[in-house]
């Protein structure tokens with residue numbers, strides 16, 4: 001299936017929104033993959049891409065998926081299409097990377113995993129920030145026993161998430177809107193990769209603080225792992241405090257940013273007209289838009305807020321340029337090259353699966369448990385009690 | 001009982017350790033109180049005090065408590081004496097401030113509250129960092145409805161607590177050692193004052209990471225309040241990461257400090273001899289010692305680590321000099337005078353109770369619930385399940 005003569009995987013990008021827009025340059029410079037083409041229903045995004053590259057541009061996902069010169073697809077369509085597009089790709093014998101959340105129900109996750117297994121295609125779920133080089137570095141050293149076992153993991157992220165321009169369904173939890181399915185998976189994936197143990201139970205609280213954005217915008221979750229490690233994930237997307245202030249004002253994509261407290265809310269409040277917000281979402285945050293996330297080359301490490309991992313013999317913290325290790329001898333920093341990022345590592349996992357036969361760590365089973373954990377967080381907050389996972 | 005002609009309360013300090021040593025200057029400059037004398041069993045601490053002040057110095061608590069020129073006592077003796085010293089003071093008709101933890105059992109808390117009520121003396125429990133001016137300022141504005149209701153409260157503190165010199169019983173949880181009874185009360189008191197609602201349940205994890213200091217040194221607790229607010233308290237005393245790094249390198253007592261990662265552990269490891277550690281605790285951290293906590297005047301606000309409170313309309317964060325408010329309009333800071341601190345406010349509460357008849361907010365009932373919450377945190381970690389409070 002893969003173009004094994006060249007050993008480069010030809011990947012099509014389905015959906016040129018935020019995630020797809022960030023994946024395009026990543027595929028273009030990847031050593032083992034090439035960008036085979038794109039698909040999007042939005043004419044403006046297609047036109048922007050066509051101006052930049054002489055590559056196939058389709059308006060429907062199936063048209064791209066069906067192409068003979070496409071080995072794999074990156075599915076970055078709205079959540080409600082993840083299942084059908086993944087099944088479509090598997091039916092066409094194409095390998096799949098599907099964006100998080102994998103799906104909104106465990107039944108959908110199972111259908112996707114089964115379809116990929118039946119078709120014998122690779123299935124990788126990402127990107128989440130658990131692919132970030134700093135997380136991989138901590139996981140690698142932790143697995144090697146460098147600091148002893150993990151006792152607790154503190155995760156904080158305060159962002160403007162809820163006030164970035166949204167399509168209506170993105171503000172409806174039942175349709176996968178809000179932070180529970182879009183931001184918590186980052187925290188949960190990071191915690192699971194670093195704890196290296198099944199989730200045993202969760203206890204969580206969530207809140208809807210702005211009735212004009214009627215979906216969960218903040219969450220506090222206690223996660224207990226079978227091996228005794230615990231994680232506390234705190235998230236708010238209400239565009240008040242910005243935890244990048246504790247991270248040298250480096251954004252989640254590793255770009256230097258200017259402090260701009262409350263700017264997203266104010267920008268949104270200036271919009272008028274029925275679909276102005278959805279249009280802004282597509283044009284500013286989609287492929288070729290002017291959003292900060294795509295501006296310039298990342299000079300620093302991508303991250304998902306403040307992270308402090310307490311091991312037996314050291315505390316470990318993610319920093320703008322790597323990982324700080326606080327151990328018995330003091331503090332030292334592990335510098336990481338800014339040339340790699342989490343999305344590159346998504347493609348690495350896909351290529352390793354298809355070209356080398358190495359099973360991906362972020363496969364369907366891994367992602368299903370993250371969906372299960374996020375659903376348990378939602379249930380715990382609703383019932384106001386601890387929820388034990390199966 | 002109080003010297004009402006002068007309207008200044010004559011307070012004796014029982015115990016010249018860390019807490020007593022910090023209370024001495026606070027009483028000396030308080031506008032409504034005077035320092036009436038001190039008591040300590042340690043001859044060196046008594047000699048130091050006698051060199052500095054021409055005030056009564058007793059070697060036994062009862063001798064100070066029984067003095068006719070003492071209206072109230074500040075009990076800063078080891079935990080195991082809190083009950084007996086409080087009862088003794090009540091029997092002598094003296095008002096009481098007792099250090100946290102109030103006691104190690106609810107039965108002891110009840111006995112102390114009842115003794116104070118029977119003797120009609122005031123009972124204040126403190127100091128904890130919930131007395132800090134920044135916490136009081138947030139509580140006051142929160143109560144006035146300035147930011148809407150509280151949704152979540154994130155509390156982080158990473159210190160060298162476990163590696164400060166200790167007496168043997170301070171490393172034995174059964175005798176009230178470790179962070180559960182000595183550090184968590186700060187977080188719990190702060191959370192309770194800001195949530196302004198009873199604790200409904202807790203879910204927590206604790207760990208003993210150093211077998212040579214065999215008591216809980218780190219903890220992660222999820223606290224659910226009846227009104228729906230939630231708090232996450234994360235604490236580690238393992239002298240690895242120091243969260244003052246996120247707080248402008250200002251110490252918990254409001255003093256500028258030099259980054260000194262791992263210094264406490266190294267200083268401790270250089271000690272030799274059976275009681276060298278206990279002696280160092282008394283001499284370096286007790287009255288007149290050279291510890292950083294007593295060095296110079298505090299130029300900044302006292303604090304207990306990083307605090308972010310998420311209200312409906314603002315996130316609020318404690319800073320070195322006050323409180324930062326992140327609301328819809330951006331960020332602004334509420335500056336607080338460095339002349340006031342938490343210990344002064346402990347004495348304020350005592351004086352208001354005795355001289356004005358104003359019931360203290362940190363009374364026996366308040367402190368009992370904090371002990372109950374800390375015991376529930378311990379039980380939740382042991383049973384690995386949520387514990388609902390009565």
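The values are calculated or read from the model by the stated rules, or taken from the named source; none is laboratory data. Just so it is clear, the model here is predicted, and its values are computed rather than measured. Here Cβ is always computed from backbone atoms with ideal geometry, including for glycine, and neighbour counts include all displayed protein chains.
Among the listed residues A:162, A:155, identify the single one that is in contact (Cβ under 8 Å) with a residue 24 or more places away in the chain, under 18 Å from the mean Cα position of the chain (by Cα) and assigned to a strand (DSSP E or B).
Values: A:162 fails: assigned to a strand (DSSP E or B).
Going through A:162, A:155 in turn, just one is in contact (Cβ under 8 Å) with a residue 24 or more places away in the chain, under 18 Å from the mean Cα position of the chain (by Cα) and assigned to a strand (DSSP E or B): A:155.
Inspect segment B:133-140 for any residue being buried (at least 24 other Cβ atoms within 10 Å of the Cβ), under 29 Å from residue B:12 (Cβ atoms) and in contact (Cβ under 8 Å) with a residue 40 or more places away in the chain and give the result as yes or no. Explain how you work it out, then say what you get.
Within segment B:133-140, the first condition is being buried (at least 24 other Cβ atoms within 10 Å of the Cβ), and the residues that meet it are B:134-135, B:138.
Restricting the remaining residues to those that are under 29 Å from residue B:12 (Cβ atoms) gives B:135.
Subsequent filtering for residues that are in contact (Cβ under 8 Å) with a residue 40 or more places away in the chain retains B:135.
Within segment B:133-140, one or more residues are buried (at least 24 other Cβ atoms within 10 Å of the Cβ), under 29 Å from residue B:12 (Cβ atoms) and in contact (Cβ under 8 Å) with a residue 40 or more places away in the chain.
Can you tell me which residues in segment A:355-390 are within 14 Å of another protein chain (Cβ to nearest Cβ), touching a strand residue (DSSP E or B) at 6+ places or on another chain (Cβ under 7 Å) and part of a loop (DSSP other than H, G, I, E, B)? Steps first, answer last, please.
Filtering segment A:355-390 down to residues within 14 Å of another protein chain (Cβ to nearest Cβ) leaves A:376-377, A:379-389.
Retained after the next criterion (residues that are touching a strand residue (DSSP E or B) at 6+ places or on another chain (Cβ under 7 Å)): A:376-377, A:379-381, A:384, A:386-389.
Passing the criteria: A:384, A:386, A:389.
Which residues, counting only those in segment A:332-354, are without any contact (Cβ under 8 Å) to a residue 40 or more places away in the chain and in contact with a strand residue (DSSP E or B) (Cβ under 6 Å, 6 or more places away or on another chain)?
Within segment A:332-354, A:332, A:333, A:335 meet the criteria.
Just name the residue that is farthest from residue B:18 (Cα to Cα) out of those in segment B:268-280 that are in a helix (DSSP H, G or I) and touching a helix residue (DSSP H, G or I) at 6+ places or on another chain (Cβ under 8 Å). It would help to see each step written out before you state the result.
Initial filter on segment B:268-280 (in a helix (DSSP H, G or I)): B:268-269, B:276-280.
With the extra rule that they be touching a helix residue (DSSP H, G or I) at 6+ places or on another chain (Cβ under 8 Å), the set shrinks to B:268, B:277-278.
On the way: B:268: 17, B:277: 14, B:278: 13 Å.
The extreme case among them is B:268.
Of all residues being under 27 Å from residue A:230 (Cα atoms) and outside any loop (DSSP other than H, G, I, E, B) in segment B:236-260, which is farthest from the other protein chains (Cβ to nearest Cβ)? Just the residue, please.
Out of the qualifying residues, it is B:244.
Please specify each residue of segment B:355-364 satisfying the condition of being in contact (Cβ under 8 Å) with a residue 24 or more places away in the chain and surrounded by fewer than 20 Cβ atoms within 10 Å (Cβ to Cβ).
Within segment B:355-364, the subset in contact (Cβ under 8 Å) with a residue 24 or more places away in the chain is B:355, B:360-364.
Correct list: B:355, B:361, B:363.
When only residues in segment A:321-342 that are exposed (fewer than 15 other Cβ atoms within 10 Å of the Cβ) and away from chain B (no Cβ under 14 Å) count, which is modelled with the highest pLDDT?
In this case the residue turns out to be A:335.
Residues are listed down the side, and each one gets a yes or a no for (1) at pLDDT 95 or above; (2) touching a helix residue (DSSP H, G or I) at 6+ places or on another chain (Cβ under 6 Å):
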residue	(1), (2)
B:144	yes, no
B:151	yes, no
B:165	no, yes
B:217	yes, yes
B:222	yes, no
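Given the criteria touching a strand residue (DSSP E or B) at 6+ places or on another chain (Cβ under 9 Å) and farther than 26 Å from residue B:58 by Cα, does residue B:146 qualify?
Numbers: touching a strand residue (DSSP E or B) at 6+ places or on another chain (Cβ under 9 Å): yes; farther than 26 Å from residue B:58 by Cα: yes.
For residue B:146, the condition - touching a strand residue (DSSP E or B) at 6+ places or on another chain (Cβ under 9 Å) and farther than 26 Å from residue B:58 by Cα - is met.
In segment A:205-218, which residue that is at the interface with chain B (Cβ under 8 Å from one of its Cβ atoms) and buried (at least 24 other Cβ atoms within 10 Å of the Cβ) is farthest from residue B:225 (Cα to Cα)?
It comes out as A:218.
Among the residues of segment A:243-255, write down those that are surrounded by 15 or more Cβ atoms within 10 Å (Cβ to Cβ), more than 19 Å from the chain's Cα centre (by Cα) and in contact (Cβ under 8 Å) with a residue 24 or more places away in the chain.
Of everything in segment A:243-255, those that are surrounded by 15 or more Cβ atoms within 10 Å (Cβ to Cβ), more than 19 Å from the chain's Cα centre (by Cα) and in contact (Cβ under 8 Å) with a residue 24 or more places away in the chain turn out to be A:246, A:247.
Could you check how many residues of segment A:31-52 are farther than 15 Å from residue A:20 by Cα and in contact with a helix residue (DSSP H, G or I) (Cβ under 8 Å, 6 or more places away or on another chain)?
2
Filter segment A:104-132 for residues that are surrounded by fewer than 17 Cβ atoms within 10 Å (Cβ to Cβ) and not in a helix (DSSP H, G or I) and give the result.
A:105, A:120 - these are the residues of segment A:104-132 that are surrounded by fewer than 17 Cβ atoms within 10 Å (Cβ to Cβ) and not in a helix (DSSP H, G or I).
Yes/no per residue for (1) facing another protein chain (nearest Cβ under 10 Å); (2) buried (at least 24 other Cβ atoms within 10 Å of the Cβ):
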{"position": "A:150", "(1), (2)": "yes, yes"}
{"position": "A:157", "(1), (2)": "no, yes"}
{"position": "A:166", "(1), (2)": "no, no"}
{"position": "A:173", "(1), (2)": "no, no"}
{"position": "A:178", "(1), (2)": "no, yes"}
{"position": "A:193", "(1), (2)": "no, no"}
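Taking the conditions exactly as written (within 25 Å of residue A:220 (Cβ to Cβ), part of a helix (DSSP H, G or I) and in contact with a strand residue (DSSP E or B) (Cβ under 9 Å, 6 or more places away or on another chain)), does residue B:46 satisfy them or not? First the steps, then the outcome.
On the way: within 25 Å of residue A:220 (Cβ to Cβ): no; part of a helix (DSSP H, G or I): yes; in contact with a strand residue (DSSP E or B) (Cβ under 9 Å, 6 or more places away or on another chain): yes.
The answer is no for residue B:46.
Only one of these is over 30 Å from residue B:206 (Cα atoms) and outside the structural domain of residue A:25 (by TED's automatic domain parsing): A:288, A:357, A:330. Name it. Break it down stepwise before answering.
Working: A:357 fails: outside the structural domain of residue A:25 (by TED's automatic domain parsing); A:330 fails: over 30 Å from residue B:206 (Cα atoms).
After ruling out the rest, the residue left standing is A:288.
Those residues that are assigned to a loop (DSSP other than H, G, I, E, B) and either in the same structural domain as residue A:174 (by TED's automatic domain parsing) or under 16 Å from the mean Cα position of the chain (by Cα) (or both), I need them from segment A:80-103; list them, please.
Of the residues in segment A:80-103, the ones assigned to a loop (DSSP other than H, G, I, E, B) are A:92-94, A:99-103.
Once the filter is applied, which keeps residues that are assigned to a loop (DSSP other than H, G, I, E, B) and either in the same structural domain as residue A:174 (by TED's automatic domain parsing) or under 16 Å from the mean Cα position of the chain (by Cα) (or both), segment A:80-103 yields A:99, A:100, A:101, A:102, A:103.
Any chance segment A:193-209 includes a residue that's closer than 25 Å to residue A:253 by Cα, in contact (Cβ under 8 Å) with a residue 60 or more places away in the chain and not in a strand (DSSP E or B)?
yes
Restricted to segment B:195-204, and to residues that are in contact with a helix residue (DSSP H, G or I) (Cβ under 9 Å, 6 or more places away or on another chain) and within 10 Å of another protein chain (Cβ to nearest Cβ), which residue is nearest to residue A:377 (Cα to Cα)?
The selected residue is B:203.
Do any strands (runs of 3 or more DSSP E) lying entirely in segment A:284-330 carry at least 2 residues that are within 18 Å of residue A:242 (Cβ to Cβ) and touching a residue at least 24 places away in the same chain (Cβ under 8 Å), and which ones are they? It would help to see each step written out before you state the result.
On the way: elements: A:306-311, A:314-319, A:322-327.
Filter on segment A:284-330 gives A:306-311, A:314-319.
Is one or more of the residues making up segment A:43-58 more than 21 Å from the chain's Cα centre (by Cα), surrounded by fewer than 24 Cβ atoms within 10 Å (Cβ to Cβ) and closer than 15 Å to residue A:347 by Cβ?
No, segment A:43-58 contains no residue that is more than 21 Å from the chain's Cα centre (by Cα), surrounded by fewer than 24 Cβ atoms within 10 Å (Cβ to Cβ) and closer than 15 Å to residue A:347 by Cβ.
Please go through segment B:133-148 and pick out each residue that is away from every other protein chain (no Cβ under 14 Å) and assigned to a helix (DSSP H, G or I). Spell out how you get there, then give the answer.
Going through segment B:133-148, the residues away from every other protein chain (no Cβ under 14 Å) turn out to be B:133-137, B:139-145.
Matches in segment B:133-148: B:133, B:134, B:135, B:136, B:137, B:139, B:140, B:141, B:142, B:143.
Go through (1) crowded, with 24+ Cβ neighbours inside 10 Å; (2) touching a residue at least 60 places away in the same chain (Cβ under 8 Å) and name the single condition residue A:93 misses.
(1)
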